[in-house]
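Peer 1: Here it is, the structure, as structure tokens.
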Amino acid sequence: MLAAERKLRIVEYVRQHRIASVAALALEFNVHEATIRRDLAEAEQEGLLKRTHGGVIVEKLTPNEPPFNERTNVQLEQKMRIGKMAASLVEDGDHIIIDSGTTTLHIAKNLVHRSNLTVVTNDINVAAELRDAPGVKVTVTGGELYPSSYMLNGMFTDHVLRLVHVSKAFIGTPAIHPKHGLMHPEAQLVLAKQGMINAAQEVIVVADDTKIGKLSLHTVAPNSAIHRLITGKETPDFEVRKFLDAGVNVTTV
């Protein structure tokens, strides 16, 4: 059997069984485990499968995010660490964008005592967190309010983001992939995130370990548009390595 044919059959086998070990695949296709590992590496590079320790699974698309209140306490301690690290990159006098999200909210929490900052946000939660910060000027983009998350989105949001220019944009995401980049399941939210990225000199993505290596329906931006990815130390080393190999500067906290 040719290598290309075997690889396709491996993909089909894993899709039928949902998960498979290297040993099981080697037995099924009557080849050495080293050969299977090479096949799996190629399949993963092509976005067909996702390797795990000792095996492989089918990559699943990240579904639409649950409501804000359901996400707030998920990976909370990790999100707090990520938010603190991201906030440390902000310098007094900066103009920044803070995207909507449960992780980005923790960036705002760490900026309340900073001086001479301008924060542009499409998140009512972020704006409320900074409302009593004397050294922070907050600009809310406007737009249609999403009651489940207090996010603003739509035509007015996109228009404002085309008119601003900032030093740093902090972007949240439900999925980021080493090959396909920053991703999102909801098409109507893609333009705003792209607007934030285009408005910034430096793009910093914040994502807990459950978002790392995930696929979703829409590509927001390639990894080449991302200057830094901040994630938790819970993210496996082999996942971090994929992003480093893709040219992304990764910080784990």
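Peer 1: Mind checking whether some residue in the stretch 118-136 is over 23 Å from residue 249 (Cβ atoms), in contact with a Gly (Cβ under 8 Å, 6 or more places away or on another chain) and of a type outside the set (D, E, K, R)?
Peer 2: Yes: the stretch 118-136 contains one or more residues that are over 23 Å from residue 249 (Cβ atoms), in contact with a Gly (Cβ under 8 Å, 6 or more places away or on another chain) and of a type outside the set (D, E, K, R).
Peer 1: Output the helices (runs of 4 or more DSSP H) that fall wholly within the stretch 134-253 and possess 2 or more residues being small (Gly, Ala, Ser) and in contact with a Leu (Cβ under 9 Å, 6 or more places away or on another chain), or say none.
Peer 2: 190-199
Peer 1: To continue, here is another question. For the subset of the stretch 1-21 comprising residues that are among the aliphatic types (A, V, I, L, M) and more than 13 Å from residue 49 (Cα to Cα), which member is farthest from the chain's Cα centre (by Cα)?
Peer 2: Result: 1.
Residue-by-condition table, conditions (1) at pLDDT 95 or above; (2) in contact with a helix residue (DSSP H, G or I) (Cβ under 9 Å, 6 or more places away or on another chain):
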| site | (1), (2) |
| --- | --- |
| 166 | yes, yes |
| 173 | yes, yes |
| 179 | no, yes |
| 218 | no, yes |
| 222 | yes, no |
| 239 | no, yes |
| 243 | yes, yes |
| 251 | yes, yes |
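Peer 1: Tell me the residue from 65, 44 that is under 18 Å from the mean Cα position of the chain (by Cα), modelled with pLDDT under 90 and crowded, with 16+ Cβ neighbours inside 10 Å, please.
Peer 2: That would be 65, the only listed residue that is under 18 Å from the mean Cα position of the chain (by Cα), modelled with pLDDT under 90 and crowded, with 16+ Cβ neighbours inside 10 Å.
Peer 1: If I ask for residues that are among the charged types (D, E, K, R) and in contact (Cβ under 8 Å) with a residue 40 or more places away in the chain, which ones from the stretch 163-206 would you list?
Peer 2: Within the stretch 163-206, 168, 179, 186, 193 qualify.
Peer 1: So, one more: Tell me which of these residue 31 doesn't satisfy, since it passes every other one: (1) surrounded by fewer than 16 Cβ atoms within 10 Å (Cβ to Cβ); (2) at pLDDT 85 or above.
Peer 2: Result: residue 31 passes all but (1).
Peer 1: Here's a follow-up. Looking at 150, 146 in this structure, which one is without any contact (Cβ under 8 Å) to a residue 12 or more places away in the chain, of a type in the set (Phe, Trp, Tyr) and assigned by TED's automatic domain parsing to the domain that holds residue 204?
Peer 2: None of the others qualify; the one that does is 146.
The values are calculated or read from the model by the stated rules, or taken from the named source; none is laboratory data. Owing to the predicted nature of the structure, the values given are computational and were not obtained by experimental measurement. Neighbour counts run over all protein chains shown; Cβ positions are idealised from the backbone, glycine included.
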